[in-house]
Amino acid sequence: MARIIVVTSGKGGVGKTTTSASFASGLALKGHKTVVIDFDVGLRNLDLIMGCERRVVFDFVNVINGEANLRQALIKDKRVENLSILAASQTRDKEALTEEGVKRVLDELAADYDYIVCDSPAGIERGALMAMRFADDALIVTNPEVSSVRDSDRVLGILASRTRRAESGEEPVREHLVVTRYAPGRVHQGEMLSLEDVAEILAIPLLGAVPESETVLQSSNAGVPVVLERDSEAGAAYADMVGRYLGEELPHRFIDYQKKGFFSRLFGG
Amino acid sequence: MGWLNIFRSNSKSSASVAKERLQVIVAHQRGSRAGADLEYLPSLQRDLLEVIRRYVKVNDDAVKLEVERDGDMEVLELNITLPDRSSRAQHAS
């Protein structure tokens, strides 16, 4: 039985799609059969971040409506084995995501995959609710910034009340905090909330922190999930995060302020 | 630049201001969430009053419901005030 992971945040632009792409790729790299689904109907972007935008023929809504089957709509990733992408529709609106339709597609995928990663749209409207609805785990993507933290708390409220697990009284959705765009230097200066602060305010366990990094933009320019950039801090942070999710004990990296010495400042080290 | 810190140390860092503001907001959001599942309290109160009135004549404010929270535990306290014996006796006669 597959485990369903929703990547959500409430606020837009905090790194949900970047996280979905890298987390799904990371799980597949570890040998798990993984599919990542874009729930942002009307504003699809996961295909761009994954670099497969030219291979989208059928999408999630086509499958829900019975206009195509899963085999036709799933795009096999060319770089990573065990990884498939289900794109969102560009032309429909979010009302196309019916609860029965979403459930049917997830059930069918669950027979073939180990992990189903649901990339939620921003907001708390239908698309976001449907992405959360059947989740077993939730990655709460949060920037260390007031509006993002507040929105994350709103999303935690929805996870605790409007998901299948919440309504059936089963074990609740497991929540994991993912802090992105983290700048240890600014935290050191007292200009940015620390990881400890964010985790304390939201009261959920920290899965990982991704440092602010130029590589994230560069890899989205190229359509390569940043986790594949193994030498970059952001890529390594995502790889660690996947390892921790799978139960490995890995210390958090790239979260401490490295005071630059006189010489490294002089020579731009 | 060290001397600038003399001024800075007087005011709180912006990160700690952010943390305090968020703690207030989150406590408030969670408070209203916790209340959301108890929306039925007023109608429960009405129904209880109706049932009790089938047996005893009581005032409108005879049924009191209160919820107390202690960490994860919630206690629903129900208080029913019966009329004193003399007025009940009158009622019966």
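Table for the structure above
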{"item": "Net lengthening on full extension, A:Ala183/A:Gln72 (0.36 nm per residue, minus Cα-Cα)", "result": "35.7 nm"}
{"item": "Buried area at the A-B interface (accessible, heavy atoms, 1.4 Å probe, summed, Å²)", "result": "1300 Å²"}
{"item": "Largest to smallest principal axis extent of the C-alpha atoms in chain A, angstrom", "result": "64, 39, 33"}
{"item": "Using distinct alpha-carbon pairs, which all enter the 1/r mean, Kirkwood radius of segment A:161-269 in Å", "result": "16.0 Å"}
{"item": "Length gained when the stretch A:Glu100-A:Asp256 is fully extended (0.36 nm per residue, less Cα-Cα span)", "result": "51.6 nm"}
{"item": "Quotient of Cα Rg and 2.2 N^0.38 Å for segment A:1-145, N being how many residues it contains", "result": "0.93"}
{"item": "The protein assembly as shown - percent of accessible surface contributed by carbon and sulfur, probe 1.4 Å", "result": "50 percent"}
{"item": "Accessible area expressed per residue, the protein assembly as shown, with surrounding protein chains retained (probe 1.4 Å, Å²)", "result": "54 Å²"}
{"item": "Cα pair distances of segment A:198-240 binned at 10 Å [whole percent]", "result": "30, 42, 23, 6"}
{"item": "Candidate lysines for bridging to A:Lys11, where Cα separation is under 28 Å - those fewer than 8 sequence places away on the same chain excluded", "result": "A:Lys94, A:Lys103, B:Lys12, B:Lys19"}
{"item": "Members of segment B:13-50 that become less accessible by 40 Å² or more once partner protein chains are added (1.4 angstrom probe, chain alone as reference)", "result": "B:Ala15, B:Lys19, B:Leu22, B:Val26, B:Gln29, B:Arg30, B:Arg33"}
{"item": "Extension gain, B:Arg21 back to B:Ser86 (0.36 nm per residue minus Cα-Cα distance, nm)", "result": "17.8 nm"}
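The values are calculated or read from the model by the stated rules, or taken from the named source; none is laboratory data. Note that the coordinates shown come from a computational prediction; the quantities given were computed from them, not determined experimentally. Only protein heavy atoms, including side chains, enter the accessible area calculation; ligands, DNA and RNA are left aside. Shrake-Rupley method; radii C 1.70, N 1.55, O 1.52, S 1.80 Å.
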